[in-house]
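Step one of this worksheet: look at the structure below.
What follows is calculated from the coordinates using simple rules that are stated; it is not laboratory data. All figures in this text were calculated on a predicted structure; none of them were measured in a lab. Here the Cβ is made from the backbone with ideal geometry for all residues, glycine too, and neighbour counts use every protein chain on show.
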Amino acid sequence: MNELTCRRRFLKTSLSTATAVALPDFAFSQAYPSRPIRLICPFTAGGSSDVILRTMAGVAGKILGGTVVVENKPGASGSLGALELATARPDGYILSQLPFGVYTVPHMQKVTWHPMRDISYIAHLTTYTNGLVVRGDSPIRSIKDFIDTAKARPGEITYGCAGLGTFAHLSAEEFAYRAGIKLLIVPYKGDADGLQALLGGHIMALSSSSVWAAQVDSGACRLLASYGTKRIKRWASAPTLREIGFDTIPDSPFGIGAPKGMAPGLLENLQEAFRRTLEDPSVSAVLDKYDMPVFYLGASDYTRFSQQTYDTQKTTIARLGLSGA
């Protein structure tokens, strides 16, 4: 996207700001929050999304002067939080993390909610690290090698990913479309299953989140390219697909939403609270742990980003024959 994604903007601290304990404008209502705020994690407990959200929830609760409780609701490609937002009161007591599935599931199946009509987008905070990897002993050493091999053997290059319609799947297929190659997808239940298949020689490549981090560090796997807007700090030698010339889906979203119709003052206060979590050392540490860069967008920019992502994925899903709505 743009320079709003730069981590430096959120890590600028000084003694004066550190000691400024006043919380301007957070008293939107002296009664808020008068009870715990529910923050839905649309994935299982213990995963990167869950760990990050729980860290952010602890910090946000202190800023707001209340308690933010994380609830796990996994399933439906991470869209169950959006489903709950669509029927909840916009009073600030139910929030949800919003992943990529929020923008794809409505194009793939009939749902009772709409990502643009039923959700208030509060703040986008970070993005998942994703990339295309091969085994360390593979003769494919670059994206050019990958494309050349795929063109010489159309439809024979197998790659794994964690299910149809996921960010890793659509990113790989968008890349293949723009590169003029045809790949053979092998879907798995999760990224870990795909990694084991790659290491066992059952597939030739893996498109996934950074489940492969330790294997890339050890040399057991090779990162050909990442999917983000910028190179991954930990593996800075690996290019992004975009810089090579393939304008695929660049960033896998990680933001916070609420029910539509929230009072502007309340929305602004929640936006500021979550923005400030990005300045906290504990949040910075957990984002670094999972190689996830700061990618902050305020409510208005986040809403535009969401609309663009939703519209773009409709085209990709239709081209792959996955439309079902």
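For the chain, the share of alpha carbon pairs falling in successive 10 Å distance bins from zero is 6, 26, 33, 22, 10, 3, 0 percent. Positive-end ranking of Trp235, Ile37, Phe295 along the dipole of the chain, with charges on Cβ about the Cα centre, is headed by Trp235.
Ellipticity at 222 nm from helices only: DSSP H runs of n ≥ 4 in the chain, each -39500 (n - 2.57), divided by the residue count, give -11500 deg cm²/dmol.
For the stretch 130-227, DSSP calls about 60 percent of its internal beta bridges antiparallel.
Picking from Arg178, Arg242, Arg222, which is most flexible by a Gaussian network model of the chain using Cα springs under 10 Å? Checking each option, the largest mean-square fluctuation is seen for Arg178. For Ala152 and Thr315, a Förster radius of 25 Å and the Cβ-Cβ distance give a FRET efficiency of 0.30, rounded to the nearest 0.05.
Global dimensions of the stretch 130-227 from alpha-carbon coordinates: Rg and Dmax equal 11.8, 32 Å.
Taken about its Cα centre, the stretch 235-295 carries a charge dipole of about 180 debye when Lys and Arg each add +1 at the Cβ and Asp and Glu each add -1 at the Cβ.
The charge dipole of the stretch 130-227, taken about its Cα centre with unit charges on the Cβ atoms of Lys, Arg (+1), Asp and Glu (-1) only, comes to about 220 debye.
Distance between Cα centroids, the stretch 190-225 to the stretch 83-141: provide it in whole Å. If you average the Cα positions of each part, the centres end up 23 Å apart. Taking the Cα centre of the chain as origin and assigning +1 to Lys and Arg Cβ atoms and -1 to Asp and Glu Cβ atoms, the resulting dipole is close to 180 debye.
Its residues counted as N, the stretch 80-124 yields a C-alpha radius of gyration over 2.2 N^0.38 Å of 1.09. Label-to-label distance, Lys182 versus Met116, with points set 7 angstrom from Cα along the beta-carbon direction: 3.4 nm. Candidates Gly66, Gln308, Ser96 compared by Cα position along the dipole of the chain: farthest toward the positive end lies Gln308, with charges placed on Cβ.
In the chain, with Lys and Arg counted as +1 and Asp and Glu as -1 at Cβ, which of these residues, Gly46, Pro253, Ser218, has the Cα nearest the positive end of the dipole, that is, farthest along it? Positive-end residue among those listed: Ser218.
By DSSP, the beta bridges lying fully in the chain are antiparallel in about 60 percent of cases.
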